[in-house]
Amino acid sequence: MDATTEGRAWVEGERAGWRVVDAAKEDPTKLYRMMISGIVPRPIAFVSSVSADGVENLAPFSWFNMVTGNPPLVSVACLNTAGGLKDTAANIKATKGFTVNIISEAFVHHANACAIDAPSEVSEWPLSGLTREKSILVRAPRVKESAFSMECELFEAHDIIHPDTGACTTTLILGLVKYIHVRKDVLTERGYVDPARLRAVGKMGDITYARQGDAFRIPRPDWGKDAEQIKDVFGAEGGEAVRV
C-alpha cells in the first residue's frame with residue numbers, strides 16, 4: 001500500500017465516528033486501559049535499585065522517558081500500591097541511586113520475569129537469570145546484558161496527588177544520569193545508538209510488547225531552505241497564517 005492509498009484509508013476510518021471520554025467521570029480502570037494502549041509505544045526502564053537493608057530489586061517500568069539532555073535527566077513513574085510506595089520508589093528515596101537498563105529483544109523474557117509482585121524482602125535478580133555488573137558510582141548494579149545502561153542519582157521525587165481524592169497515587173522519580181554504559185557494537189560512527197542493533201522493545205497496551213520494525217527517516221523542515229514553499233501553502237489557504 002503506497003502512502004496516498006494508506007492516507008485515504010486512514011481518512012475513511014473516521015466514518016466510524018468518535019468516542020469522547022470525560023476523564024473526570026470515566027472509571028479509573030477503564031481510563032487506565034485506554035491510556036496505556038493509546039499512548040504507545042512506550043520505552044521501558046528496567047530499574048535496578050537497592051533497599052536501605054541491602055535487598056536488591058529489579059523491575060520494569062513502562063512509564064519512563066528522557067526529560068532533558070542538559071542536565072541529563074530521565075523520569076520513572078512508580079504507581080503506589082495500597083500499602084504505599086513500591087519497592088523501587090522506596091529504595092531510590094532511601095539510597096538515592098539506581099540504574100536504568102534498556103531492554104533488548106534478546107532478553108525480554110528475562111526482564112518480564114521481574115514484573116512479578118514479589119515480597120519486598122525477595123530479590124528479582126535470581127528469577128531474571130541476568131547478570132549483575134558493578135556500577136561505578138551507585139550502589140545498585142547494572143544489567144550486563146543491557147547494551148545501554150545509565151547510572152542515576154536521585155534528582156527529585158514528586159508525589160502525584162489525585163485532585164479529587166487527595167490520595168498519593170504515583171511517585172515520579174527524576175534521575176540525574178551520572179554514567180552511561182553503552183556497548184560499542186550498537187554505536188554508529190557518528191555516536192548515535194543504532195536502533196537496528198540495539199533492538200529495544202517497547203510496551204503497548206495490556207501485556208503486549210513491540211519489537212523494532214522497519215525504520216524510516218523524514219528530514220526536518222528548514223525555514224531557511226523551504227520558506228518559499230511554505231509561503232505558497234499560506235497563499236493556498238487564502239492569506240497569512242492564522243494566529244490563535
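Note on segment 185-207: among residues that are open to solvent by 70 Å² or more (accessible area, probe 1.4 Å) and in a loop (DSSP other than H, G, I, E, B), the one that is modelled with the lowest pLDDT is 206. If you go through segment 108-150 and keep only what is under 22 Å from residue 181 (Cα atoms), surrounded by fewer than 21 Cβ atoms within 10 Å (Cβ to Cβ) and hydrophobic (A, V, I, L, M, F, W, C), you end up with 108, 125, 136, 137, 148.
Evaluation of residue 24 against the conditions (1) surrounded by fewer than 13 Cβ atoms within 10 Å (Cβ to Cβ); (2) aliphatic (A, V, I, L, M); (3) in contact with a Ser or Thr (Cβ under 8 Å, 6 or more places away or on another chain) shows that the sole unmet condition is (3). Is it true that residue 88 is surrounded by fewer than 20 Cβ atoms within 10 Å (Cβ to Cβ), within 15 Å of residue 48 (Cβ to Cβ), at pLDDT 95 or above and not acidic (Asp, Glu)? For residue 88, the condition - surrounded by fewer than 20 Cβ atoms within 10 Å (Cβ to Cβ), within 15 Å of residue 48 (Cβ to Cβ), at pLDDT 95 or above and not acidic (Asp, Glu) - is not met.
Is it the case that segment 139-148 has a residue that's touching a residue at least 24 places away in the same chain (Cβ under 8 Å), among the aromatic types (Phe, Trp, Tyr) and under 28 Å from residue 69 (Cα atoms)? Yes, there is a match, as at least one residue in segment 139-148 is touching a residue at least 24 places away in the same chain (Cβ under 8 Å), among the aromatic types (Phe, Trp, Tyr) and under 28 Å from residue 69 (Cα atoms). Residue pairs whose Cβ atoms lie under 8 Å apart, separated by 6 or more positions or on different chains, with the first residue in segment 211-227 and closer than 19 Å to residue 195 by Cα and the second open to solvent by less than 100 Å² (accessible area, probe 1.4 Å) and not in a loop (DSSP other than H, G, I, E, B), are 211/105; 212/105; 212/195; 212/196; 212/198; 212/200; 215/195; 215/196.
Close contacts from segment 29-47, counting a first residue that is outside any strand (DSSP E or B) and open to solvent by less than 30 Å² (accessible area, probe 1.4 Å) and a second that is β-branched (Val, Ile, Thr) and modelled with pLDDT of 95 or more, with Cβ to Cβ under 8 Å and a gap of 6+ residues or different chains, come to 44/102; 44/103; 44/201. On inspection, residue 76 fails the criterion of being open to solvent by less than 80 Å² (accessible area, probe 1.4 Å), within 27 Å of residue 122 (Cα to Cα), assigned to a strand (DSSP E or B) and in contact with a helix residue (DSSP H, G or I) (Cβ under 6 Å, 6 or more places away or on another chain).
The values are calculated or read from the model by the stated rules, or taken from the named source; none is laboratory data. Every value quoted in this text rests on a predicted model; they were computed, and no experiment measured them. Here the Cβ is made from the backbone with ideal geometry for all residues, glycine too, and neighbour counts use every protein chain on show. Accessible surface is based on the protein model in full, side chains and every heavy atom, while ligands, DNA and RNA are left aside. Shrake-Rupley method; radii C 1.70, N 1.55, O 1.52, S 1.80 Å.
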